[in-house]
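Below is one structure, written out as structure tokens; comments come after it.
The values are calculated or read from the model by the stated rules, or taken from the named source; none is laboratory data. None of the values given here were measured: they were computed from a predicted structure. Here Cβ is always computed from backbone atoms with ideal geometry, including for glycine, and neighbour counts include all displayed protein chains. The protein model used for the area step is the full one, side chains on, heavy atoms only, and it has no ligands, DNA or RNA in it. Shrake-Rupley method; radii C 1.70, N 1.55, O 1.52, S 1.80 Å.
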Amino acid sequence: MSTRTIQTTPFEGQKPGTSGLRKRVAVFQQAHYTENFVQAIFTAMPAPGPRGATLVVGGDGRYFMRDAIQTIIRIGAANGIARFIVGQDGILSTPAASALIRERGADGGIILTASHNPGGPQNDFGIKYNTRNGGPAPEAVTDAIYAATRAISEYREVVLDRPVDLSAIGTQSFDGFDVVVVDAVQLYADLLRGIFDFALIRRFREQSPQFSLLFDGLNGVTGPYARRIFVDELGFPEACLDQCTPLEDFGGSHPDPNLTYAHRLVERVAAERITLGAASDGDGDRNMILACDWFVTPSDSVALIAHHAAECIPYFKRAGIRGLARSMPTSCAIDRVAAAQGLDAFEVPTGWKFFGNLMDAGRLSICGEESFGTGSDHIREKDGIWAVVAWLNIIAHVSQTAPGATVRSIMLDFYASYGRNYFTRYDYEEVDSDGAAEMMARLRALAAGEQGGLVGQTHAGYTIAAADDFEYTDPIDHSVSKNQGLRIVFEDSSRIIFRLSGTGSQGATVRIYIERYDPA
């Protein structure tokens, strides 16, 4: 098979953030832009490098994904990739991609997604590289990718007479490489069947006619996975699914599972008195849990799952729980569960890659982020469907001794044991980047000002005990992550946090988090 070399020049700003490189579709469609970044991934691919390697490829179905997959195959083959494992039609949720990398022993994966950001020709696209543990590339790798984008002068690609067919499951052999198209939905369903008590959930459904489930896929990647698990495996009616057909533009909506963007679900759950409502985002790694009379904050959700996991989820009953963790802005509810169960509790920067190091070292089992991300060490990504099934498993278990248990009653029992961490977040999106950086610099200076800065000041009855810019030293590889968000912590453990987010495609996003603890 012939290979051609194409001359190019670097593009400014191809620095991967916490979740890869995200830009507007039009940016990726520039001549050589996508090719440069893909080549940089292969240039920076950890040892032994791309030659002879196996690579998982797929994405959330958004606009430009299919074109990008063909580009990755052509450039990857020219760089020596021997086998590409691709989801059927290119569709591959981020959790399923992580599972596939781990199950097939792949050398890494490229996931095509901008997660919860809007899709379509006028909106966002993204490319993320995951390493062989199935998790997002660590900073050393993303730094190497960025360095490669700044030094690139050429890329190579194989010449194909037609696009690779991604519709038929099976292996296609070319001169020097194979493309294996797989049913990733079935692989993921098999994985969850081994984690949760599907039999218990089915019995509960059969014996609880008053219980209702409504899952909103927000026209993202999770629709086929939800149908396979909730309908085919657990026996819920097809009517429990809404917006479960993946669309390139997500139906013109914002595929972010929160109270603002998943308003259709919120309205239906209230109007139809749904017992358990849930949603996931564009690429399937986020989740929202609610009921007709209760909204579960993501911070409370992961803490509740951690509280019940060892008593009712088979995966944790077998392996035990090694430790719990949260991102720094996430409320401290899970810390209280860890203390009660005698487990280590870790506070890490935002970004799932920080959890991955702890999982690989056997120090962490369950973790979460306030940004609607929940997961465990079954893979190295957060996992939206996993969280929904965890709630089903817990409700079914609790209902054995407390018939008629609801999301509300289960959360109230949790607060009776641990107290309640009230939590809210305010987002200011696509603000001027320079202005946001200046604001953060002024806040840091205020916190560390003369005579102790903010520490010791009392405002509205709250006395400031600490004020700092969060810095994390990884206990596994001892890497240091600085400037991860300004924390103002009060004596009763309540907190206010200011942080810049790296998940947008342009400008800056300023997030403000407020948490107040109310003892039981």
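Some observations on this one:
- Summed over segment 389-411, residues that are under 27 Å from the mean Cα position of the chain (by Cα) and part of a helix (DSSP H, G or I) total 13.
- Residues that are not in a loop (DSSP other than H, G, I, E, B) and not hydroxyl-bearing (Ser, Thr, Tyr), drawn from segment 1-16: Arg4, Ile6, Gln7
- Residue count for segment 313-348, restricted to those that are surrounded by fewer than 16 Cβ atoms within 10 Å (Cβ to Cβ) and of a type in the set (A, V, I, L, M): 3.
- Whichever residue in segment 92-111 is over 19 Å from Ala44 (Cα atoms) and without any contact (Cβ under 8 Å) to a residue 60 or more places away in the chain and, among such residues, is least open to solvent (accessible area, probe 1.4 Å): Gly105
- Count of segment 120-166 residues which are open to solvent by less than 10 Å² (accessible area, probe 1.4 Å), over 19 Å from Val57 (Cα atoms) and of a type in the set (Gly, Ala, Ser): 1
- Selected residue [modelled with pLDDT under 95 and either more than 15 Å from the chain's Cα centre (by Cα) or polar (S, T, N, Q) (or both)] from Ala148, Ala140: Ala140
- Those strands (runs of 3 or more DSSP E) lying entirely in segment 467-520 with at least 3 residues under 20 Å from the mean Cα position of the chain (by Cα): 495-501, 508-518
- Test: residue in segment 440-455 that is surrounded by 13 or more Cβ atoms within 10 Å (Cβ to Cβ), more than 18 Å from Val348 (Cα to Cα) and within 26 Å of the chain's Cα centre (by Cα): yes
- Total residues in segment 331-345, condition touching a residue at least 40 places away in the same chain (Cβ under 8 Å) and either more than 26 Å from Ala279 (Cα to Cα) or in contact with a helix residue (DSSP H, G or I) (Cβ under 7 Å, 6 or more places away or on another chain) (or both): 5
- Residues in segment 469-490 that are aliphatic (A, V, I, L, M), open to solvent by 70 Å² or more (accessible area, probe 1.4 Å) and out of contact with any Ser or Thr (no Cβ under 9 Å at 6 or more places or on another chain): 0 in all.
- Residue within segment 195-213 that is part of a strand (DSSP E or B), under 24 Å from the mean Cα position of the chain (by Cα) and either more than 29 Å from Phe11 (Cβ to Cβ) or not aliphatic (A, V, I, L, M) (or both) present: yes
- Counting only strands (runs of 3 or more DSSP E) that fall entirely inside segment 217-326 and contain at least 3 residues that are at pLDDT below 95 and not aliphatic (A, V, I, L, M), no element qualifies.
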